[in-house]
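K.L.:
Here you go, one structure.
The values are calculated or read from the model by the stated rules, or taken from the named source; none is laboratory data. Note that this is a predicted model, so its numbers are computed, not measured. All Cβ positions, glycine included, derive from the backbone under ideal geometry; neighbour counts span all protein chains shown. Note: accessible area is taken over every heavy atom of the protein model, side chains too, but ligands, DNA and RNA are not part of it. Shrake-Rupley method; radii C 1.70, N 1.55, O 1.52, S 1.80 Å.
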Amino acid sequence: MAHLFRITDVRWTDPDTGPDAMGRTGPREMASVEAECRSCNYPFSASSMNRWLSVNGTSAVVMCPKCHMTEVISGSPD
């Protein structure tokens with residue numbers, strides 16, 4: 001199955017610097033995604049600030065702001 005978006009860049013949050021009660025630091029999460037929609041050929045930047053990216057750890061739902069196609073993407077900062 002082909003992907004709906006051509007992802008050109010993914011930016012990640014910095015890890016949490018303060019350890020929790022167990023001494024662990026928080027995981028890094030997707031902060032923003034640069035992509036192009038293959039359905040309508042629209043390039044866009046997605047982030048939680050502009051509502052086109054909804055993050056859950058290393059997975060995220062990305063939505064094209066023009067045609068509203070959505071896709072779940074996942075990855076790792078490492």
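K.L.:
Hey, does the stretch 60-74 have a residue that's in a loop (DSSP other than H, G, I, E, B) and modelled with pLDDT under 90? I'd like the intermediate steps shown before the answer.
P.N.:
Start the filter on the stretch 60-74 by keeping residues that are in a loop (DSSP other than H, G, I, E, B), which leaves 64-69.
Next, only the ones that are modelled with pLDDT under 90 stay: none.
No, there is no match, as no residue in the stretch 60-74 is in a loop (DSSP other than H, G, I, E, B) and modelled with pLDDT under 90.
K.L.:
Could I ask something else about it? Of all residues being among the acidic types (Asp, Glu) and at pLDDT 90 or above in the stretch 1-42, which is farthest from residue 55 (Cα to Cα)? Just the residue, please. Walk me through it before giving the result.
P.N.:
Let us first name the residues in the stretch 1-42 that are among the acidic types (Asp, Glu), namely 9, 14, 16, 20, 29, 34, 36.
Among the residues that remain, those that are also at pLDDT 90 or above are: 9, 34, 36.
Details: 9: 15, 34: 14, 36: 18 Å.
The residue in question is 36.
K.L.:
Could you grab me the full set of residues in the stretch 64-75 that are of a type outside the set (Lys, Arg), open to solvent by 60 Å² or more (accessible area, probe 1.4 Å) and touching a strand residue (DSSP E or B) at 6+ places or on another chain (Cβ under 8 Å)? Break it down into steps so the answer makes sense when it comes.
P.N.:
Going through the stretch 64-75, the residues of a type outside the set (Lys, Arg) turn out to be 64-65, 67-75.
From what is left, the residues that are open to solvent by 60 Å² or more (accessible area, probe 1.4 Å) are 68-70, 72, 74.
Hits for the stretch 64-75 are 69, 70, 72, 74.
K.L.:
Let me ask another. For the stretch 28-53: of the residues being among the polar types (S, T, N, Q) and assigned to a loop (DSSP other than H, G, I, E, B), which is least open to solvent (accessible area, probe 1.4 Å)?
P.N.:
Just the residues of the stretch 28-53 that are among the polar types (S, T, N, Q), to begin with: 32, 39, 41, 45, 47-48, 50.
Subsequent filtering for residues that are assigned to a loop (DSSP other than H, G, I, E, B) retains 39, 41, 48, 50.
Numbers: 39: 72, 41: 107, 48: 79, 50: 54 Å².
It comes out as 50.
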